[in-house]
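Worksheet for the structure shown next.
The values are calculated or read from the model by the stated rules, or taken from the named source; none is laboratory data. Please read these numbers as outputs of a predicted model, since none were measured by experiment. All Cβ positions, even for glycine, are placed from backbone atoms using ideal geometry, and neighbour counts span all protein chains on display. Remember, those area values only see protein heavy atoms, side chains included, never the ligands or the DNA or RNA. Shrake-Rupley method; radii C 1.70, N 1.55, O 1.52, S 1.80 Å.
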Amino acid sequence: MKKRVLFQFFVAVIVITFPVKGQTPSEHYEKMQRELAAGWNTWDTRSVLTHVFLPYGAAVDLNLTDENGSRAKLFRIGDRGNDAAIMHPGPHTYDGYYTDISLEWKGLKLRVQSAAEGLKNVILITPLDGNKAGGKIIVTPKSLWYRTNNIEVKDNKFILKPFGADFTFESIVKGDMVEEQNKEIYVSADMPAVVCCGCDMNLAEARKFIQSHADSFVETNKQKFGENYEVYNAMQNVLAWDNIYDPTINRVITPVSRIWNVGWSSNPSMGGFVLFCWDTYFASIMLSAGNKELAYANAIEITDAITENGFVPNFYAVNNYKSRDRSQPPVGSLAVWTIYGKYKEKWFLELVYDNLLTWNRWWDKNRQVDGLLCWGSSPFEKITYRWWETDGVNATPGGAFESGLDNSQMYDDIPFDKEKHVQKLNDVGLSSLYIMDCDLLAKIAGALGKTANAKELKARAERYRKNMVKLWNEEKGLYYNRHTDSGKLNPRISPTNFYPLLAHVPTQAQAKRMIDNHLLNPDEFWGEWVIPTTPRNDPAYKDNTYWRGRIWAPLNFLVYMGLRNYDLPEVRKALSDKSKNLLLKSWLKDGYVFENYNADTGAGDDVRNSDKFYHWGALLGFITLMEEGYFE
């Protein structure tokens, strides 16, 4: 493992750190993407049990039948259908070197591990305690995404020959043999089985091969993260299992979860994906702790999705389908500057800078009222004629969607200005994030020698920063949203009311009041599990649905990042510990990282609209990695 890691390190230094002389950032990125999309991995968004060799699309798919011959459908982590397999994800390296997942389906209980090196991939299927007898494992060699592979199957062997390649995968399936039919190999699920692609191992050899990869995974991460091994493990595994290749854009990307992906494509043969704006930027930050290239890829892809009107959209999906009426919270410069701070590679800044600057200017031009920003939704000419192109557009719901806090109580009954295309509400969270964006984008401009742009951005940040005084309530000790039609402050709050900390707006004394009076107030936000999106004393808290009353990791993360700007070490540490404990509660029990969590119980699985394996939930652990100095 150490030799392998060292080899990959030197390759990365040669290929990534020092671009070829004369190569443009775009050319460098294209080369990086080609190198990412290579080798064995769980690339196919439609099943975590499909192992694919890129770039050829040669695949080995695993499926199951029960004792009655009923066949399972898709294997995706978090599926909630009556016939869905329950998946319990374990370790997954980013490069497919080792994967481990367990499943339950109609009484069948199996563990599926894989280990890959070069052309070789070994898949071990092991029955678990309580496994129901009579099931079968179906091994299907196939070609994905209309790529050409010659396939031959006979008895317990198969050959995959990629078109144009100078190699062939001569493979064998070993176990309690049942039958071969229609180019599929059936083995009993009652006994261990092994699929050897590009090699031939008996069961004992396969177990040894698999175990060596598993040991390397644990050893590497434990050496680096020590007592916080499981914190990092949860983060890496949710990102790695959600990492896919999408053939429609020829890109390796890390969407929020496979559950979200498939509904965005009408053609199952061509995959499917959706990237959400701030979700993907947060993923890129987390990925930078363990995989520079994937961090770059996700930050670049979502930034490149910028619309014709100059903003990074709320969502970007197959067939260039985007939310052309609305954006999402401006955290792009935060992600890019954080990644750059770790790796110091200017080609990355050069590639995303122009779009980030265009997006920054768009907010000021299209969402500014009375010197501060409002969430909005702008009408546009239909392009795909889907329902989201009209539903909620140029209305309060569209503005709420732009906030990323969809059904937040803060936006209940807020009137909408259809001429300016904004809610009639200066939003403290958006205005603060925008100031932060100006500050960090000015630093990016400075690093690139764009002094005029840096001056422009600094001036814009100061203009908005001065206007934030309109939102301060001296009696309450907090910044509030402001009704633009009446000038009155809105008393309904959320963790976004702490975002001025991100923008260096409050003084140290004001920051301490905000924290003492509100964040640490058990009637509002503090408790065993924190931070609820709705104060505990707000009637909407009891709704416990989506952004009403539940805990969302990105809000914890942004509040934590704001605290880092002030001398409040005890609060920072307390928030870090509570966030870590919330993540580990479900991770250690079931291997899940939830989209959101119950603020009373810490459970993530108590409602159906909490995805079981949504990568930004791992921000709860990333806070601890930052707080304890692992991310430097």
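If you go through region 553-600 and keep only what is among the acidic types (D, E) and in a helix (DSSP H, G or I), you end up with E570, D577, D590. Could you go through region 351-369 and let me know if any residue there is open to solvent by 10 Å² or more (accessible area, probe 1.4 Å), closer than 23 Å to W337 by Cα, modelled with pLDDT of 95 or more and of a type in the set (S, T, Y). Within region 351-369, one or more residues are open to solvent by 10 Å² or more (accessible area, probe 1.4 Å), closer than 23 Å to W337 by Cα, modelled with pLDDT of 95 or more and of a type in the set (S, T, Y).
For first residues located in region 157-169 and in contact (Cβ under 8 Å) with a residue 12 or more places away in the chain and in a loop (DSSP other than H, G, I, E, B), partners that are surrounded by 15 or more Cβ atoms within 10 Å (Cβ to Cβ) and hydrophobic (A, V, I, L, M, F, W, C) and lie 6+ apart or on another chain with Cβ distances below 8 Å form the pairs F167/L119. Of all residues in region 370-382, those being surrounded by fewer than 19 Cβ atoms within 10 Å (Cβ to Cβ) and among the hydrophobic types (A, V, I, L, M, F, W, C) number 1. Checking each residue in region 280-303 for being touching a strand residue (DSSP E or B) at 6+ places or on another chain (Cβ under 9 Å) and charged (D, E, K, R) picks out E293, E301.
Put simply, of L558, L575 the only residue that is closer than 17 Å to L478 by Cα and within 26 Å of the chain's Cα centre (by Cα) is L558. Checking each residue in region 323-342 for being open to solvent by 10 Å² or more (accessible area, probe 1.4 Å), free of Cβ contacts under 8 Å to residues at least 60 places away in the same chain and either touching a helix residue (DSSP H, G or I) at 6+ places or on another chain (Cβ under 7 Å) or under 27 Å from W375 (Cβ atoms) (or both) picks out only T338.
Filtered by the rule that a residue be open to solvent by 10 Å² or more (accessible area, probe 1.4 Å) and in contact (Cβ under 8 Å) with a residue 60 or more places away in the chain, region 467-482 gives N467, K470, R482. Contact map, region 530-552: first residue assigned to a loop (DSSP other than H, G, I, E, B) and at pLDDT below 95, second residue of a type in the set (A, V, I, L, M, F, W, C) and crowded, with 24+ Cβ neighbours inside 10 Å, Cβ cut-off under 8 Å, separation 6 or more or different chains; the map is empty. Can you say whether G404 is buried (at least 22 other Cβ atoms within 10 Å of the Cβ) and either under 25 Å from G263 (Cβ atoms) or under 23 Å from the mean Cα position of the chain (by Cα) (or both), as far as the supplied structure shows? Yes: the conditions hold for G404. Pull up region 237-268, narrow it to residues that are open to solvent by 10 Å² or more (accessible area, probe 1.4 Å) and part of a helix (DSSP H, G or I), then point me to the one that is nearest to G57 (Cα to Cα). Here the answer is P268. If you go through region 608-623 and keep only what is touching a Ser or Thr at 6+ places or on another chain (Cβ under 6 Å) and surrounded by fewer than 24 Cβ atoms within 10 Å (Cβ to Cβ), you end up with just D611.
Suppose the filter is surrounded by fewer than 23 Cβ atoms within 10 Å (Cβ to Cβ) and among the hydrophobic types (A, V, I, L, M, F, W, C); does W529 pass it? The answer is yes for W529. For G118, the requirement of being at pLDDT 95 or above and surrounded by 17 or more Cβ atoms within 10 Å (Cβ to Cβ) is not met. For region 42-83, the set of residues classified as within 24 Å of the chain's Cα centre (by Cα) and free of Cβ contacts under 8 Å to residues at least 12 places away in the same chain consists of G81 only. Filtered by the rule that a residue be within 27 Å of F53 (Cβ to Cβ) and open to solvent by 10 Å² or more (accessible area, probe 1.4 Å), region 100-111 gives D100, S102, R111.
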